[in-house]
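*Asks:* Starting off with a structure, shown below.
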Amino acid sequence: MTEIYLDNCATTRPYDEVIALCSRIQQENYANPSSLHAKGIAAEKLLREARRSVASLLHCREDELCFTSSGTEANNLAIKGIAYRRQRRHGHIITTQIEHPSVLNCCRRLEEEGFTVTFLPVDRQGCLDLDALADSIDSETFLVSIIHLNNEIGTIQPVEEIGRIIKQRNPRTLYHIDGVQSFARIPVSLQQWQADLFSCSAHKIHGPKGTAALWIKKGVSLQPLFQGGEQERALRPGTENTAAIAGFGLAARISGAAQNENNALMHRLKDKLYRGLQTSGIEFYLNGPPLEKAAPHILNLSFPGVKAEVLLRFLEEKEIYVSAGSACHSRRPEPSHVLRAIALEEKRLSSALRFSFSSFNRFDEIDRVVEQIVPAVKKLKNCTP
């Protein structure tokens, strides 16, 4: 039986070309990019090429990119880097209740250090109240951090309108967009969005783990989170992960070129799964925005009367891999903070599964998933005391 992988929000399978490139670099271009000899210069050239590829997809200057080890690090560098650059350890930060843990926990830490943080609520579809955002911005607000595409329910925030509101209310307020899930899926227009910082990651777009990037608008100054050499504009010291960064660049080129085609495929896959379950007669609910308004690759469903972990393990036995929430929280017993924020009732909180698709998935796989879920839900629901 061939496995079916539907946990692509957690991570994606790397492209074969990316695996081959990373392997070749580890074998042949292993020199330190900071070394002045020929092999070091060859490694440094690979970094430049990758930077050019990622910048091309972001439509930004190459020298505005800082490579990091992960999207989590990029988010931390953006938020803490701005906060710690301030001479006074206070001021106001705004974010939402459905951010990735790397943003939420970063903001909570800053709150402990004396900063004021507003965690804005969202509606049942995960959409931010723009009036509430506008009312929250004041003269002390130095940063707003918003997730572009929610990793659990697929909500897409109106980042352009958010940027307009921020700059109208306080032109000095900086705007950070967590684009880890949206990069190479939604066309980027940083200038039009009036953004100042943007995070993205390789392993969400079929690149290797261990590398990501933070776009920092020219003129924006950050405090490094740790000290060392002068790599990455002295913002992220340490010897660069040449193979992974080069793989990131290649993944960006491949994903960027096929962006529209991939999105159309994933939307059809998602729709097929939803319609297949719908016609089966089993009870389930869609969590988050309607299919047509959500991200093309994310489908969050609740199966009342069936524990998510039990259904997840059943599917795993059939080599079907899905998620009970964000990978950062999936091993914890408590329900997702995102699903709580959209006010799901308990029966839906405890029975929610996330299906996330990629261009590697096929329509016949979706048929098999439906064939396995329907009898499993009927059986498990009847077994529930």
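Just so it is clear, none of the values below were taken in a lab; they were calculated from the coordinates. Keep in mind that this is a model prediction, so the values were computed, not measured. Counting neighbours? That spans all protein chains shown, and the Cβs are built from the backbone with ideal geometry, glycine included.
*Asks:* Expressed as a whole percent, how much of the Cα-Cα distance distribution for the stretch 13-96 exceeds 15 Å?
*Replies:* So the portion of pairs separated by more than 15 Å is 73 percent.
*Asks:* Also, I was wondering about something else. Report the charge-dipole magnitude of the stretch 16-257 in Debye, nearest 20, computed about the Cα centre from +1 at each Lys and Arg Cβ and -1 at each Asp and Glu Cβ.
*Replies:* So the dipole magnitude of the stretch 16-257 works out to roughly 580 debye.
*Asks:* If we sort 145-156, 4-15, 190-201 on the protection proxy, mean other Cβ atoms within 10 Å, highest first, what's the order?
*Replies:* 145-156, 190-201, 4-15
*Asks:* Remind me, relative contact order of the chain in percent, using alpha carbon pairs under 8 angstrom and six or more residues apart?
*Replies:* 24
*Asks:* Right, here's the next one. Provide the packing ranking of 247-254, 260-267, i.e. peptides ordered by the mean count of other C-beta atoms within 10 Å per residue, highest first.
*Replies:* Descending mean neighbour count gives 247-254, 260-267.
*Asks:* For a footprinting-style exposure proxy, rank 45, 217 by other Cβ within 10 Å, fewest first.
*Replies:* Listed from fewest to most nearby Cβ atoms, that is 45, 217.
*Asks:* Here's a follow-up. Given the pairs 167/218; 347/379; 209/307; 204/347, which are separated by over 20 angstrom at their Cα positions?
*Replies:* 209/307; 204/347
*Asks:* Give me the percent relative contact order of the stretch 218-353, please, defined on Cα pairs under 8 angstrom at least 6 residues apart.
*Replies:* 18
*Asks:* Could you run the Karplus curve 6.51 cos²θ - 1.76 cosθ + 1.60 with θ = phi - 60° over the stretch 106-113 and give me ³J(HN,Hα) per residue in whole Hz, x for Gly and Pro?
*Replies:* 5, 5, 5, 5, 5, 4, 5, 8
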